[in-house]
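Right, one structure below, let's go through it.
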Amino acid sequence: MTDQEIEKLVQDKLSEAYHAEEHPKKFFITANGRGVTDGGDLYNALLDDMMHITQKALAEILKEALKK
């Protein structure tokens, strides 16, 4: 496969994986009574969503690349 074919394959598979399912519409940032903001839940939810998309896309990319 050429570099351009690999780039196109990666782009297509990431897009397919992203659009294949629903993603969280809201991410919550919590604040305690002293005004301290904790973005840990936001970070963890976003990281989990992105890792799932990447894992799904990479599996499809490898399957496609190994066929050729």
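The values are calculated or read from the model by the stated rules, or taken from the named source; none is laboratory data. The structure displayed is predicted, hence computed values, not measured ones. Note that each Cβ is placed from the backbone with ideal geometry, even for glycine, and that neighbours are counted across all protein chains shown. These area figures cover heavy atoms from the full protein model, side chains too; ligands, DNA and RNA do not enter into them. Shrake-Rupley method; radii C 1.70, N 1.55, O 1.52, S 1.80 Å.
What the table shows:
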quantity: Principal-axis tilt of helix 40-67 within the chain, Cα atoms, nearest 10 degrees; calculated: 10
quantity: Modelled label reach - D48, point 7 Å along Cα→Cβ, segment 3-23 residues with backbone N closer than 16 Å; calculated: 22-23
quantity: Gaussian network model of the chain, Cα within-10 Å springs - most flexible of K13, K25, K56; calculated: K25
quantity: Between 0 and 90°, nearest 10: helix 3-19 axis offset from the chain longest Cα axis; calculated: 40
quantity: Accessible area in square angstrom per residue, the chain, 1.4 angstrom probe; calculated: 83
quantity: Qualifying GluC sites (Glu not before Pro) for the chain [loop in DSSP, other Cβ within 10 Å: at most 10]; calculated: E21, E22
quantity: Whole-number Å³ per residue for the convex hull built on Cα positions in the chain; calculated: 85
quantity: Options A65, T30, L42, ranked by Cα towards positive dipole end of segment 3-67, top entry (Cβ charges); calculated: T30
quantity: Whole-percent carbon and sulfur share, accessible surface of segment 3-67, 1.4 Å; calculated: 58
quantity: Separation of the H19 and A31 label points, Cα + 7 Å toward Cβ, nm; calculated: 3.8
quantity: Cβ-placed point charges (K, R +1; D, E -1), dipole of the chain about Cα centre in debye, nearest 20; calculated: 80
quantity: The chain: chymotrypsin sites (Phe, Trp or Tyr not before Pro) in DSSP loop, at most 16 other beta carbons within 10 Å; calculated: F27, F28
